[in-house]
Amino acid sequence: MVKIQDPITIVGDVHGQFFDFIKIIDDDTGGPLETTKYIFLGDYVDRGCFSIEVLGLILAIKIKLKNTIFMLRGNHECRQLTSFFNFRTECLSKYDQEIYDQVMDLFDHLPLSAIINNKFLCIHGGISTDIGSVSIF
């Protein structure tokens, strides 16, 4: 779990829709990247044709603006769903198995939740009964 203070723009599923993603991070929609905090609630990949481009752009922005961009893991950031839907196939057609494996390793390290102002829980889906405790980073 990550702790964040508002103001923050909360963004849900992008699902490989690159041009929609560009519109979301446009200054007039979500706010300027340099001065607006964003939290992405997961599901960056699958369904759309540009999942790898969406992920690459979010990661580039995260590297440049590490204190204002937050990423959570959604249910599509797993090997089972990326194999069932189209992300694995997209990765293999545009790159190779090694890139896919590295992206999956990255997804394994994304936090599952965030708490805003010690009051609001942000999470992509529900909480598994297998989770016995949470840690705040």
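The values are calculated or read from the model by the stated rules, or taken from the named source; none is laboratory data. Keep in mind that what you see is a predicted model, and the values were worked out from it rather than measured. Don't worry about glycine lacking a Cβ; one is built from the backbone with ideal geometry, like all the others, and counts go over all protein chains shown. With ligands, DNA and RNA removed, areas are computed over all heavy atoms of the protein, side chains included. Shrake-Rupley method; radii C 1.70, N 1.55, O 1.52, S 1.80 Å.
Tabulated data for the structure shown
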quantity	calculated
Reference-scaled alpha-carbon Rg (2.2 N^0.38 Å with N residues) for the chain	1.04
Flagged links, alpha-carbon separation over 23 Å, of 3/23; 23/62; 3/62	3/23
Per DSSP, loop GluC sites (Glu not before Pro) in segment 34-137 with at most 10 further Cβ within 10 Å	34
Candidates 127, 25, 99, ranked by Gaussian network fluctuation over the chain, Cα under 10 Å, top entry	127
Share of carbon and sulfur in the accessible heavy-atom surface of the chain [1.4 Å probe, %]	57
Value at 222 nm in deg cm²/dmol, rounded to 500, when DSSP H runs of n ≥ 4 in the chain each add -39,500 (n - 2.57)	-10000 deg cm²/dmol
In segment 8-70, the trypsin sites (Lys or Arg not before Pro) that fall in loop regions by DSSP, at most 15 other Cβ within 10 Å	47, 66
